[in-house]
1. Among the candidates E346, E357, single out the residue that is of a type in the set (D, E) and in a loop (DSSP other than H, G, I, E, B).
2. What pairs can you find where one residue is in the stretch 121-132 and under 18 Å from V286 (Cβ atoms), the other is aliphatic (A, V, I, L, M) and part of a loop (DSSP other than H, G, I, E, B), and their Cβ atoms are less than 7 Å apart, with a gap of 6+ or different chains?
3. Does P341 count as touching a helix residue (DSSP H, G or I) at 6+ places or on another chain (Cβ under 9 Å), in a loop (DSSP other than H, G, I, E, B) and in contact (Cβ under 8 Å) with a residue 24 or more places away in the chain?
4. Would you confirm, using the coordinates I've provided, whether A385 is hydrophobic (A, V, I, L, M, F, W, C), surrounded by 24 or more Cβ atoms within 10 Å (Cβ to Cβ) and touching a residue at least 12 places away in the same chain (Cβ under 8 Å)?
5. Every residue in the stretch 176-216 that is closer than 23 Å to D84 by Cα and of a type in the set (F, W, Y), please.
6. Filter the stretch 22-32 down to residues that are open to solvent by 20 Å² or more (accessible area, probe 1.4 Å) and of a type in the set (G, A, S) and give me whichever is farthest from the chain's Cα centre (by Cα).
7. Name the single residue that is nearest to V110 (Cα to Cα) among those in the stretch 184-217 being open to solvent by 60 Å² or more (accessible area, probe 1.4 Å) and free of Cβ contacts under 8 Å to residues at least 12 places away in the same chain.
Amino acid sequence: MKSYAAVDLGASSGRVMVGRVGPDSLELAEAHRFVNRPVRVPEGLRWDVLSLYAGVLDGLKAAGQVDSVGIDSWAVDYGLLDADGALLGNPVHYRDSRTEGVAEKVWATVPAEELYAATGLQYAPFNTLYQLTAAKEQLGSAQRLLLIPDLLTYWLTGEQGTELTNASTTQLIDPRTREWSYDLASRLGIDLDLFAPLRQPGDPAGVLRAEVLEETGLRGPVPVTTVGSHDTASAVAAVPAAAGERFAYICTGTWSLAGLELDAPVLTEESRAANFTNELGLDGTVRYLRNIMGLWLLQECVRAWGGPELGALLLDAAKAPALRSVVDASDPVFLAPGRMPERIAEACRASGQPVPETPGEITRCILDSLALAHRKAVEEAQRLADRPVDVVYVVGGGTRNALLCQLTADACGLPVVAGPTEAAALGNVLVQARTHGLVGDLTAARGLLTRTQPLTRYEPQGDTAPWREAEARLAAR
């Protein structure tokens, strides 16, 4: 048995998990969990990255002696370093308003169709490409740009790199060559020398610095291993699918990422119009998926309501009328924090639907809307990639929400297998274990998950006609 520390940072919380891996065993335990709370300052919304790093150090101390460390986090955001390697201010949050209207400026130089054909990345206003365009004045004083997990890895080891799966979310990687798109960057005036050299999952990323060992109480040397540092890449690696199985996946949490695992990107104009993205995964795979607003909608409502008990809220939602009111879960109107119950009510009122009033009714509206968005993404991914599926795997925090899992099965008309919950951390651990020879290829790693992790199967109930009608109703507005 060997022990691996998986640092897994989400948009609302961070955790350090310890995975113990043996020839046919895989155990995961939480060492430390901490809040990831952005801070709004006069210049905008920022990540409190020093607090996150302190949480990582506390977590490694709580983890005890480990054989390796790996870091994954959310995508697109970055820190800037000066010539001495010092951080130039707190990283900007992807929900900050600085990218409003920036995409149109980019498209004036590289049309949206051409941009998609070159990078395969869906439009999202916070893509790193748009952030860099908005921040050109600040870039002049920077010598290095590190994506969030690479920044934390640098602080732990003193070594710099850019992990590939996360780099693929910048909209500056060609998904066919899996290398930087130098021509595109040059046309947009972006200096790719700001980025550290690319690393692959499994590559060594250094060893913990002496100061880190002293603070955490660990005995050196402790290697840091490059994992799929985009948390979705790690989560998809932990989808417990069998070899040859035709499956779709939904990584649920603050966001829902719904799609397919492919061998090659889909770069058609129809794919662009449907807003599907081609992000890079492990072992030459492509994560062909759509970003959906996810449980962020419910998280913001719960915050606005003062933190009611989630179990009681879901019981009330289960009793509320099904598909009475639905909203577009990918509408940018829901992107910013604050006033979420009111914004959902306003969207229903504007579309002529009954306005949900109680927390239970609003929760049901959110879950029905997410299941409907999952259905649409899974159906369109199959059509655009010409890849039919027989089952949907749901991984991540949303697996705890049995009502959402059942509604997703009902909406898709397909069985849903839910689990594992800590998919990103498990994918992180498995890459480390594979690098150190304890696990074979991706298929073998997924087989180990199937044998060791609790999974729940949801069969679809009823036919999909009500969901088709709700989908048509939403499309007509």
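The values are calculated or read from the model by the stated rules, or taken from the named source; none is laboratory data. From a predicted model like this one, the values you see are computed outputs, not experimental measurements. Glycine also receives a Cβ, built like all others from the backbone with ideal geometry; neighbour counts cover every protein chain displayed. Surface accessibility is based on the protein's heavy atoms, side chains included, excluding ligands, DNA and RNA. Shrake-Rupley method; radii C 1.70, N 1.55, O 1.52, S 1.80 Å.
1. Matching residue, one of E346, E357: E357.
2. Every condition considered, the pairs that remain are N127/V76; N127/L121.
3. No.
4. Here the answer is no, as A385 does not meet what is asked.
5. Within the stretch 176-216, F195 is the sole residue that qualifies.
6. Applying the filter and picking the extreme gives S25.
7. Restricting to residues being open to solvent by 60 Å² or more (accessible area, probe 1.4 Å) and free of Cβ contacts under 8 Å to residues at least 12 places away in the same chain, the top hit is S186.
Yes/no per residue for (1) open to solvent by less than 10 Å² (accessible area, probe 1.4 Å); (2) not aliphatic (A, V, I, L, M):
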site: R20; (1), (2): no, yes
site: F34; (1), (2): no, yes
site: V41; (1), (2): no, no
site: L45; (1), (2): no, no
site: A54; (1), (2): no, no
site: D58; (1), (2): no, yes
site: G70; (1), (2): yes, yes
